[in-house]
Each structure stands twice: as structure tokens, then as C-alpha cells.
Amino acid sequence: MSSKGRGLLFIVSAPSGAGKTTLVERLVELVPHLRMSRSYTSRGARQGEADGVDYNFVTRDRFDAMAAAGEFLEWADVFGNLYGTGAADAETMLAAGDDVVLVIDVQGARKVRARGLQTCAVFVMPPSFDVLEQRLRGRSKDSEGAIQRRLQVARDEVAAFTEYDFVVVNDEVAAAVDRLRAIVVAERARLQRMQRDADTIVETF
Ligand code: 5GP
């Protein structure tokens with residue numbers, strides 16, 4: 001695009017274990033001017049995770065202070081840990097004309113929408129409950145109780161898919177990334193987004 005206006009805000013939600021982070025990481029590698037927002041969290045880093053890469057890891061006190069100061073676009077308590085989207089971080093990317101993907105839970109998506117922000121929200125679903133259970137057991141060293149809790153939350157979360165604009169089933173990574181890419185490309189071609197470029201072209205006639 002020649003004239004970059006303000007960027008678009010995409011939301012991707014999915015139950016834990018549906019593979020949304022992998023999909024969005026691949027998506028932002030493929031699509032120019034699309035950036036993933038890095039959330040703040042009060043949870044400890046897991047093995048292999050790095051501060052400033054996977055999340056901005058902060059103490060609970062620091063998180064509470066940021067929340068009290070209104071520094072989050074949204075924040076939520078997920079599995080007893082706090083997660084939030086830095087308002088200034090997202091604003092900087094959007095103002096620069098980049099599109100931003102927030103990988104946040106269903107509660108967070110509701111909060112962003114409640115602010116009246118225009119969003120394109122995508123719900124990523126695993127192909128079935130059984131597949132989700134297998135993925136959760138396969139990847140995690142979580143206790144049986146923790147896995148059961150994630151599965152219960154997943155039951156509630158998948159029921160919220162009707163609040164979203166698009167649904168992508170993560171049956172196969174490459175195919176699911178392709179569908180996400182198609183959604184971004186289609187959103188970028190909307191009249192509202194293309195108005196300036198189209199006006200410029202019309203002026204040449
Ligand atoms: P995990 O601890 O497995 O990385 O993430 C747990 C959950 O927190 C996921 O469902 C993820 O989408 C959600 N999450 C991550 N960052 C944010 C955020 O900034 N806001 C909200 N509301 N949820 C988030």
C-alpha cells in the first residue's frame with residue numbers, strides 16, 4: 001500500500017493448546033506490516049521463554065501499578081496470572097500504520113470491543129475436544145489438575161466463538177496460517193481502508 005493510514009487491530013483468541021501462538025508467529029513472518037503485540041504478564045517465564053521476546057515479564061506489583069495507571073488497553077486474569085496489552089505499545093504500532101495482532105483470551109477481546117475500538121476478531125478452534133486434550137497432554141508438564149482446569153476453561157471459551165468475525169480451525173498449521181493470511185488480506189482491501197488510494201487513482205482519470 002502506498003499511503004499508510006492508521007493500522008488495523010486484529011484479535012486472535014483460542015483455547016489454551018489450540019496452537020494460536022504458533023499460527024500468529026508464522027503469520028507475522030509472512031505478512032508485511034503486520035506485528036504481534038507483546039503482552040505483559042505476571043506469570044513466571046517457562047523454560048525457553050525470554051523476557052521481551054515471548055512476553056514482557058513483570059512482577060505482580062508492577063502489573064498492578066500499570067493497571068492502576070491505566071497503562072493497559074485491556075487486561076485479564078487467566079489461570080490465576082495477570083496478562084495485559086500495553087496501550088502505548090499498541091498505539092505506537094497502529095499510529096505508524098502497521099496492523100497489530102493481539103493474541104488474547106475471550107475476556108480480553110470483550111474488553112477491547114467494550115472500548116468501542118474497531119477490530120477484526122478471529123477465533124481459532126482445535127478440530128475437536130480430543131485433539132485439544134492430546135495437544136495439552138503432549139506439550140505440558142502440567143499436573144492432571146491443571147490440565148483439567150484448562151480443558152474446562154476451553155469448554156467455556158469455545159462457546160464464545162459467535163462473538164468473533166471469523167473462525168479458523170487449526171487442523172493443519174500451513175492451511176490454518178493460509179486462512180489467517182486471507183483474512184488479513186481481505187480486511188486490508190475493505191473500502192474504508194482503500195479509500196485514500198482509490199481516491200488518488202480516481203483523480204488520474
Ligand atoms: P500462556 O500463559 O499459556 O502463555 O497464556 C495463557 C492465556 O493468556 C492464553 O489464552 C493467552 O491468549 C492469554 N493472554 C496472553 N496475553 C494476553 C493479554 O495481553 N491479555 C489477555 N486478556 N489475555 C492474554
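The values are calculated or read from the model by the stated rules, or taken from the named source; none is laboratory data. These numbers come from a predicted model, not from an experiment. As a convention, Cβ positions derive from the backbone with ideal geometry for all residues, glycine included, and neighbour counts pool all protein chains shown. All accessible areas refer to the heavy atoms of the entire protein, side chains included, with ligands and DNA or RNA removed. Shrake-Rupley method; radii C 1.70, N 1.55, O 1.52, S 1.80 Å.
Here the 3J(HN,Hα) profile of the range 130-139, calculated from phi with Karplus coefficients 6.51, -1.76 and 1.60 at θ = phi - 60°, is 4, 5, 4, 4, 4, 5, 5, 5, x, 8 Hz, Gly and Pro shown as x.
Estimated from helices alone, the mean residue ellipticity of the chain at 222 nm is -14000 deg cm²/dmol (sum of -39500 (n - 2.57) over DSSP H runs with n ≥ 4, per residue).
In the full protein context, the range 46-205 carries 57 Å² of accessible surface per residue, based on a 1.4 Å probe and ignoring ligands, DNA and RNA. When Lys and Arg each count +1 and Asp and Glu each count -1, what net charge do the other residues less than 11 Å away from Ala87, Cβ to Cβ, add up to? For residues surrounding Ala87, the net value is -3. Of the trypsin sites (Lys or Arg not before Pro) found in the range 119-157, those in coil by DSSP whose Cβ has at most 16 other Cβ atoms within 10 Å are Lys141. The apolar share of the surface of the chain, taken as the fraction of accessible area on carbon and sulfur atoms (1.4 Å probe, ligands and nucleic acids excluded), comes to 52 percent. Under 5 Å from the amide H of Arg35 lie the amide H atoms of Asp99, Val100, Val101, each residue being 5 or more positions distant or on a separate chain, with H modelled from the backbone and absent for Pro and chain starts. With contacts taken as Cα pairs under 8 Å and at least 6 residues apart, the chain reaches a relative contact order of 31 percent. The distance linking the range 78-141 with the range 154-176 is 12 Å (Cα centroid to Cα centroid, whole angstrom). Taking the Cα centre of the range 114-184 as origin and assigning +1 to Lys and Arg Cβ atoms and -1 to Asp and Glu Cβ atoms, the resulting dipole is close to 260 debye. Which longest uninterrupted range of the chain lacks any GluC sites (Glu not before Pro) assigned by DSSP to a loop state (not H, G, I, E or B) and surrounded by at most 14 other Cβ atoms within 10 Å? It works out to 50-171.
Segment Thr204..Val153, full-extension length gain: 12.9 nm, with 0.36 nm per residue of separation and the alpha-carbon distance subtracted. The label point for Arg115 and the one for Ala68, both projected 7 Å from the Cα toward the Cβ, are 2.1 nm apart. Rounded to whole numbers, the Karplus 3J(HN,Hα) couplings from phi for the range 25-36 are 4, 5, 4, 5, 5, 7, 9, x, 6, 10, 10, 8 Hz, using 6.51 cos²θ - 1.76 cosθ + 1.60 with θ = phi - 60°, and x at Gly and Pro.
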